[in-house]
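The next block holds one structure in the form of structure tokens; read it before the comments.
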Amino acid sequence: MSFTKELISTVQARLADLGYYTAPINGDPDPQTTTALAQFKARNDLRARPYPGPITLKTLFSDQAIAKSRPGAQPHESAFESMPPWLAEMNRRMGLHEKRDNKALSSWLKAGKFLGNPAKLPWCGDAVETCIIKTLPGEEVPGNPFWAQAWKTFGQAVNDPIVGAIGVIRWSAKVGHVGIVVGYDRRRQRVYLMGGNQQNAVTISSFPLHKFIAFRWPETFPVKRYPAMKATGVESADYGATR
């Protein structure tokens with residue numbers, strides 16, 4: 001069997017869905033991928049070899065595929081029930097860079113309206129729109145999702161920067177930023193956003209609370225409290241980090 005970059009990317013994305021894989025979706029059969037695949041095979045009663053044969057692929061993409069258990073989780077609880085689906089979608093793209101991973105990033109962003117080459121154009125709104133339409137197909141998104149501040153009327157308002165909320169930043173009347181909340185430092189008044197076009201990649205960065213003009217939640221998904229994501233080495237960001 002020929003293991004193309006496209007096939008490996010598809011396998012990585014599915015392993016991420018099931019909670020085995022947390023590295024970037026890059027199509028490379030790296031150690032993180034082979035380890036995740038071996039773990040999946042072992043949990044699904046397959047021979048734990050680090051490559052995806054026909055039987056493995058059939059099992060991997062079946063409805064009966066067993067997700068990786070988290071500490072304290074129920075036997076059939078999804079690994080991504082610890083975050084809403086649109087955040088899980090963004091999380092699967094963590095690390096994708098607008099230049100280094102331009103082809104993979106552009107392919108992902110083309111799931112909805114596509115602004116254009118992310119190496120040349122701001123794509124934070126494009127990334128949020130992609131996450132919403134891929135996971136909540138019935139949800140209405142802004143008519144111009146590429147203008148970050150258009151997201152201030154998306155869905156329904158939530159009063160706090162809860163995990164999963166769409167956080168909307170206003171830098172100026174015409175310029176803003178948008179991402180998905182993954183944590184909030186109340187003492188420092190900093191909001192942690194996972195989003196695109198943050199240091200030119202999908203990353204987690206922290207932004208000052210006073211720059212936010214809205215926190216929004218999808219209309220078609222019940223508001224729920226999720227645990228904050230643990231993130232190390234998070235950079236404090238400002239307008240320059242989102243240009």
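Using Cβ point charges alone (K and R +1, D and E -1), the dipole size of the chain about the Cα centre works out to roughly 400 debye.
Placing unit charges on each Cβ (+1 for Lys and Arg, -1 for Asp and Glu) gives the chain a dipole about its Cα centre, and among VAL181, LEU37, GLY19 the Cα reaching farthest toward its positive end belongs to VAL181. A dipole drawn for the chain from +1 and -1 charges on Cβ atoms has a positive end, and of PRO122, PRO145, ALA88 the residue lying farthest that way is PRO122.
Secondary-structure-derived ellipticity at 222 nm for the chain, considering helices only, amounts to -7000 deg cm²/dmol, per-run term -39500 (n - 2.57) for DSSP H runs with n ≥ 4.
For segment 120-243, what % of the accessible area comes from carbon and sulfur atoms, probe 1.4 Å? The partial results should precede the final answer.
On the way: 2850 of 5800 Å².
Taking all protein chains in place, segment 120-243 shows 49 percent carbon and sulfur surface.
Binning all Cα-Cα separations of the chain at 10 Å, short to long from zero, yields these whole-percent fractions: 8, 31, 35, 20, 6, 0.
Label 7 Å along Cα→Cβ of GLN156; segment 212-232 residues with amide nitrogen under 11 Å? Correct set: 217-224. Under a Gaussian network description of the chain, with springs only between Cα atoms under 10 Å, the residue in ILE213, ILE204, ILE162 that fluctuates furthest is ILE213.
Given charges of +1 on the Cβ of Lys and Arg and -1 on the Cβ of Asp and Glu, with all other atoms neutral, how large is the dipole of segment 84-189 about its Cα centre, in debye to the nearest 20? If you can, show how the numbers build up before the last one.
Values: 15 positive and 9 negative charges, 80 e Å.
So the dipole magnitude of segment 84-189 works out to roughly 380 debye.
Where only protein heavy atoms count, and the probe is 1.4 Å, what is the accessible area per residue for segment 106-243 in Å²? Show your work: numbers first, answer last.
Working: 6450 Å² over 138 residues.
Ligands and nucleic acids excluded, the result is 47 Å² per residue.
GNM on the chain, alpha-carbon springs under 10 angstrom: the most fluctuating residue among ILE55, ILE169, ILE132 is ILE55. Relative to a virtual label point 7 Å from the Cα of LYS99 in the Cα→beta-carbon direction, which members of segment 199-213 show backbone nitrogen distances below 18 Å? In segment 199-213, the label zone of LYS99 (backbone N under 18 Å from the point 7 Å along Cα→Cβ) covers 199-203.
Think of the chain as a dipole: +1 on every Lys or Arg Cβ, -1 on every Asp or Glu Cβ, centred on the Cα centre; then among VAL191, ALA111, THR135, VAL191 lies furthest on the positive end.
The values are calculated or read from the model by the stated rules, or taken from the named source; none is laboratory data. A quick note: this is a predicted structure, and the numbers were derived from the prediction, not measured. Neighbour counts run over all protein chains shown; Cβ positions are idealised from the backbone, glycine included. Remember, those area values only see protein heavy atoms, side chains included, never the ligands or the DNA or RNA. Shrake-Rupley method; radii C 1.70, N 1.55, O 1.52, S 1.80 Å.
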